[in-house]
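Nothing in this text is a laboratory measurement; each read-out follows from the coordinates by a stated rule. These figures come from a predicted structure and were not determined experimentally. As a convention, Cβ positions derive from the backbone with ideal geometry for all residues, glycine included, and neighbour counts pool all protein chains shown.
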């Protein structure tokens, strides 16, 4: 039987993509080993697009619940299947399945008093320390404790299906060759990471005037945000917030000429698909969670109060994002669209 590795995935899209370099390094060191991923439904479709992943074990456990019986049953069912497990979340309950499965080597950060559950423990970063790039944080787990990962990490890469991209365009009445600009205005963490809706709307209007097709992508929670952008754009933005599955959104991004996004999961999706990208940072830092792609341009004010990593602006002004003007973002968009090196849509 081939050696198998179990990876317990993070719960957020962006974190999953920041963790992909770890999977790439593990696969490079043991090409014959198979990597399975335990993931919630919110990120499972993304993990299935990673070439390093053999199988995704999708588990729909209730947020905030321990679900001890279900975790024990799954662990018993997986007993004897894996030689290694990498537990990427820091929570106590995320380490239970590998423990119940008797995986010999269970690797992770010390986290919430996980002595025994994790038997190859890495020390958590010191409180108050400058946050290292998230990709390095996860890649560290692939080394023995105390040893640093390679200086140059592989970039995240997702597979794209050209046929699926054309099909999802047709579903929403878009021509196969439409010059889509995907606008990703959401950020699950909070408003302090979101460029104002009126700025997105103004940008959409200016892009539409230049022949582009601005498309707003987002979850059901972002429907009001999408409606606001549609209104601020005077109807020039196609609002698909809440109308697409994650796979649909990924396919639309893959078929886009350009993406404009806050620091969010979809920003990292665009980077992993190699799309030309303008990434807008406010309360977070591009040194910690940068888009890992050559065709990405970051706009970050680096104010004296930045990065605060707060959900809402503690000072109430949100200058870090409000001072990024639509004209400034448009200039970066035009530069990327005019750059042959940025390439054509990945799925067209």
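The rule of thumb for compact globular proteins, 2.2 N^0.38 Å, goes into the C-alpha radius of gyration of segment 61-120 1.03 times. Could you list the residues of segment 1-39 with an amide nitrogen less than 14 Å from a label point located 7 Å from the Cα of residue 55 in the Cα-to-C-beta direction? Zone members listed by number: 1-7, 34-39. Our analysis of segment 134-245 gives Rg over Rh at 1.12, with the two radii drawn from alpha carbon positions and Rh computed by the Kirkwood formula. A simple spin-label model places pseudo-atoms 7 Å from Cα toward Cβ; at residue 73 and residue 323 they are separated by 5.5 nm. Given the -39500 (n - 2.57) contribution per DSSP H run of 4+ residues, what per-residue ellipticity at 222 nm results for the chain, rounded to the nearest 500 deg cm²/dmol? Here the helix-only value at 222 nm equals -9000 deg cm²/dmol. Here the mean projected area of the convex hull built on the C-alpha positions of segment 196-284 is 5.4 nm².
Rg/Rh for the chain: what does it come to with C-alpha atoms and Rh from Kirkwood? Rg/Rh: 0.98.
In terms of Cα atoms, the Rg and Dmax of segment 162-342 work out to 15.0, 47 Å. This ranking places 126, 275, 319, 49 by how few other beta-carbon atoms lie within 10 Å of each, fewest first, which gives 126, 319, 49, 275.
Out of every Cα-Cα pair that segment 4-142 contains, those further apart than 20 angstrom amount to 42 percent. Per-residue packing, averaged as other Cβ atoms within 10 Å, sorts the ranges 238-251, 14-27 into the order 14-27, 238-251, beginning with the highest. For the chain, the longest principal axis of the alpha carbon atoms and the long axis of helix 197-209 meet at an angle near 60°.
For 159, 94, 113, the sequence from fewest to most other C-beta atoms within 10 Å is 113, 159, 94. For segment 244-348, the convex hull spanned by the alpha carbon atoms encloses 105 Å³ per residue.
FRET efficiency for the residue 112 to residue 315 pair, using the beta carbon distance and R₀ = 35 Å, is estimated at 0.65. For the pair residue 63 and residue 306, the difference between a 0.36 nm per residue extended length and the Cα-Cα distance amounts to 84.4 nm.
Taking the Cβ of each residue in 107, 120 as the centre, tally the other Cβ atoms inside 10 Å and list the residues starting with the fewest.
Fewest to most other Cβ atoms nearby, the residues stand as 120, 107.
Each Cα pair under 8 Å and six or more residues apart adds its sequence gap; the mean of these over the residue count of the chain is a relative contact order of 16 percent.
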